[in-house]
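Here's the structure we're looking at; comments come further down.
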Amino acid sequence: MFSKILIANRGEIALRIIRACREMGIKTVCVYSEADRHGPWLEVSDEAYCIGPAPSAKSYLDISRIMATAEIADVDAIHPGYGFLAENAHFAEVCQSSGIAFIGPSPEAIRLLGNKASARDLAIKSKVPLLPGTKDLVEDDKEAIEIANDIGYPVIVKAAAGGGGRGMRVAHNEIALVNGYMQARTEAATAFKDDGVYIEKYLERPRHVEIQIISDSHGNYVYCGERDCSLQRRHQKLVEEAPSPIMTPELRQKMGETAIRLCKAANYVTAGTAEFLLDKNGNFYFMEVNTRIQVEHPVSELVTRTDLIRAQIMAAAGEKLPFTQDDVEVRGHAIEVRINAEDPDAGFRPSPGKITDLVIPGGPGVRWDSHIKVGYSIPPNYDSMVAKLLVFADDRPKAIARMRRALGETKIEGIKTTIPLHQRIMNDANFINGDVDTGYIENVLLAK
Ligand code: ADP
């Protein structure tokens with residue numbers, strides 16, 4: 001097993017990884033930017049090194065600075081968390097060639113699955129259901145129109161290198177398509193330095209249901225149930241739960257086995273997520289594989305009683321997974337809400353600043369994954385998520401009641417947060433009935 005791990009990340013996920021390492025007797029090394037000098041997670045890390053100024057490109061994304069620190073601190077492995085370099089095949093390759101284990105899949109698997117167009121191709125070969133769409137990148141708007149006429153409107157233009165809901169445009173007609181096609185390419189070029197886009201059928205009112213998988217280098221593949229992430233704003237997740245309110249054991253098995261078939265075809269080792277859209281009739285369609293640990297992984301940990309970060313570290317160290325498919329049973333109900341430093345009354349504008357008072361919820365079935373504390377100033381430079389509040393209960397109604405209670409206890413002063421929106425969601429009749437889709441927050445809840 002590793003004796004020291006460098007964490008190439010910040011905030012709550014850095015803290016989550018430190019916690020897993022502590023329990024495994026592994027020492028941790030954090031790298032941080034000048035803006036994160038007072039990051040509370042650094043206090044619990046065994047070592048911490050400043051590697052550059054606030055802009056990510058000069059710190060959290062600077063591979064040479066991270067590798068220099070890894071050499072100096074003499075670590076065995078690097079955990080990239082999510083975001084930043086987590087899905088960067090080149091970084092995984094640099095780790096490999098430096099003799100440092102990358103806690104994630106191989107560079108080849110990241111390349112194959114990280115690109116949405118090549119992942120689609122592999123899905124076709126692996127007989128994974130897909131929405132109708134292009135096999136190759138779309139070269140110009142003329143071709144885009146031909147394809148849309150062929151598959152029928154509405155369609156969605158997606159950046160092949162996309163992530164975080166960026167580089168996507170929905171089009172209900174030809175004019176919107178021509179504009180959307182150009183916009184998606186421009187946005188993708190800026191955000192991902194890759195303007196390749198493809199087109200697929202746009203599904204109206206689907207649910208977003210994803211399968212958590214974890215595997216080791218001994219050929220063991222396990223799926224840890226599903227997460228329902230249908231509550232989104234601008235294609236970004238706000239609330240996640242497990243199990244999905246509309247899941248059946250048969251559908252779970254079918255989706256789980258499909259996800260594993262795809263990951264096996266890519267020789268995928270460690271944690272990953274296969275994302276699907278699910279329609280009202282129980283048909284599911286593959287969207288993409290996220291080749292990293294995801295923000296919402298704790299909901300699966302709660303309902304399957306696993307520690308995915310621990311399993312991920314074990315797999316990267318060449319050990320066998322600590323559980324088999326037979327051990328993984330979905331029991332109870334878990335919900336996660338993402339508490340962002342944003343102002344819901346001002347179009348969700350980021351609201352960084354100093355935390356002047358903080359009451360952390362507790363009691364039965366409550367999990368708080370967050371790095372914030374009183375006196376800590378949230379820097380404006382990074383993602384606005386400041387906490388993940390999770391609840392676990394025997395069933396969905398009890399979990400919702402528990403989340404209402406936990407949100408009621410929570411107090412974060414000094415900044416605006418998404419807590420009022422979450423309170424609204426937990427009291428919303430459609431949500432309570434499990435009757436939502438990926439457009440619900442924008443089209444219905446915020447329009448009410
Ligand atoms: P990203 O990698 O940017 O997160 P995804 O491909 O995972 O992008 O899609 C994010 C969200 O966009 C989905 O959860 C869903 O709400 C919406 N979406 C993507 N593709 C489609 C589609 N073909 N039809 C309907 N909604 C879609």
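General observations
- Simple spin-label estimate for Glu71 and Arg424 in nanometres, 7 Å along Cα-Cβ: 5.3 nm
- The simple Förster model, with R0 at 30 Å and r as the Cβ-Cβ distance, assigns Ala401 and Glu442 a FRET efficiency of 0.70.
- With protein chains left intact and a 1.4 Å probe, residues in segment 207-445 average 37 Å² of accessible area per residue.
- The P(r) of segment 132-201 has a tail past 21 Å containing 12 percent of all C-alpha pairs.
- Its DSSP H runs of at least 4 residues, each contributing -39,500 (n - 2.57), put the calculated 222 nm mean residue ellipticity of the chain at -9500 deg cm²/dmol, to the nearest 500.
- Gap separating the Cα centres of segment 36-71 and segment 144-180, nearest whole Å: 38 Å
- What segment 132-201 shows is 49 Å² of accessible area per residue, with the surface traced by a 1.4 Å probe over protein heavy atoms.
- Cα lying deepest toward the dipole's positive end in the chain, options Ile211, His90, Val178, charges on Cβ: Ile211
- Our Cα-only numbers for segment 10-84 put the radius of gyration and Dmax at 11.5, 33 Å.
- Label-point separation, Ala57 to Glu409 (7 Å along Cα→Cβ), nm: 4.4 nm
- Residue of Glu47, Glu296, Glu342 that the Gaussian network model of the chain assigns the largest fluctuation, springs spanning Cα pairs under 10 Å: Glu47
- Pairs of Cα atoms farther than 41 Å apart, the chain, %: 12 percent
- DSSP-loop trypsin sites (Lys or Arg not before Pro) across segment 350-440, with at most 16 other Cβ within 10 angstrom: Lys373
- Calculated FRET efficiency for the pair Gln96/His235, C-beta based, R₀ 45 Å, to 0.05: 0.90
- Using only side-chain charges placed at the Cβ, +1 for Lys and Arg and -1 for Asp and Glu, the dipole size of segment 122-176 relative to its Cα centre rounds to 440 debye.
- Taking packing as the residue-averaged number of other Cβ atoms within 10 angstrom, the listed peptides 52-58, 378-384 run from highest to lowest as 378-384, 52-58.
- Anchor Lys142: aspartates and glutamates whose Cα lies under 13 Å away (excluding residues fewer than 8 positions away in-chain): Asp150, Glu174
- Taken along the Cα-to-beta-carbon direction at a fixed 7 Å, the label points for Lys254 and Tyr82 span 2.7 nm.
- For the residue pairs Lys4/Lys320; Lys58/Lys193; Lys254/Lys398; Lys354/Lys416, alpha carbon separations beyond 22 Å are given by Lys254/Lys398.
- In summary, the aspartates and glutamates within cross-link reach of Lys125, defined as a Cα separation below 16 angstrom excluding same-chain residues under 8 places away, comprise Asp136, Glu257, Glu288.
- If R0 is taken as 51 Å, the Cβ-Cβ distance between Arg22 and Asn173 corresponds to a FRET efficiency of 0.40.
The values are calculated or read from the model by the stated rules, or taken from the named source; none is laboratory data. Here the structure is a predicted model, which is why all the values come from computation and not from measurement. Because the Cβ atoms are built from the backbone with ideal geometry, glycine has one as well, and the counts that use them run over all protein chains shown. Please note that ligands, DNA and RNA were not included when accessible areas were found on the heavy atoms of the full protein model with its side chains. Shrake-Rupley method; radii C 1.70, N 1.55, O 1.52, S 1.80 Å.
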